[in-house]
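Take a look at the structure set out below.
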């Protein structure tokens, strides 16, 4: 039994970073917008749950924001694992009073989207360097808690960019746009090495007319 336990501990952690499903549009809310999922987003989340439920998840973490929680709940129902809410997985726009999808901002040439293309996130009033440090610390703590296991963390595009940008040594705050419910896999071994296994995996959405890309 000891040999088996040692073997498990020596395996790398497989961290699955999942972007939430599509949310609804919220403009000029009295407080943080924090939108729920759209009807299409609910369908995306259900397909995601079916896709990764049988992949041997030992834990599911989620951002505290509604769009992530609803997506994680769909995975939880199918995987039979409870969701652990982690504040450190929240998006940089957590306090924003409006939420407009990147797809809409691109189509309307919204200044916020154009600024993001220049890697300017000043509209959100967040220190993006500190945001990245917080994300990295959060994700590394999750990894440390699950030696040799496969763990899912349902979060946001900014969070995924922050952590994967960190392990790839990419300084830009947003170097790619993860699709809704995309699966992004990282292997983390005990020596501290972090390897990107898969980026923007959306196999579960193919053939369902649910794949929405900003690029």
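The values are calculated or read from the model by the stated rules, or taken from the named source; none is laboratory data. Small disclaimer: the values here were computed from a predicted structure and weren't measured. As a convention, Cβ positions derive from the backbone with ideal geometry for all residues, glycine included, and neighbour counts pool all protein chains shown.
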Consider only pairs whose beta carbons are under 8 Å apart and that are at least six residues apart or on different chains; among these, list those whose first residue lies in the stretch 92-121 and is farther than 18 Å from residue 22 by Cβ and whose second residue is assigned to a loop (DSSP other than H, G, I, E, B) and at pLDDT below 90. 97/28; 97/29
Just checking, how many residues over the stretch 48-65 are surrounded by 17 or more Cβ atoms within 10 Å (Cβ to Cβ) and in contact with a strand residue (DSSP E or B) (Cβ under 9 Å, 6 or more places away or on another chain)? 10
Residues of the stretch 65-98 satisfying the condition of being assigned to a loop (DSSP other than H, G, I, E, B) and touching a helix residue (DSSP H, G or I) at 6+ places or on another chain (Cβ under 7 Å): 82, 86, 91, 92, 93, 96
Out of 30, 6, which single residue is modelled with pLDDT under 95 and either closer than 29 Å to residue 207 by Cβ or not in a helix (DSSP H, G or I) (or both)? 30
With the checklist (1) farther than 18 Å from residue 182 by Cβ; (2) crowded, with 18+ Cβ neighbours inside 10 Å; (3) modelled with pLDDT under 95 in hand, flag the one item residue 35 doesn't pass. (3)
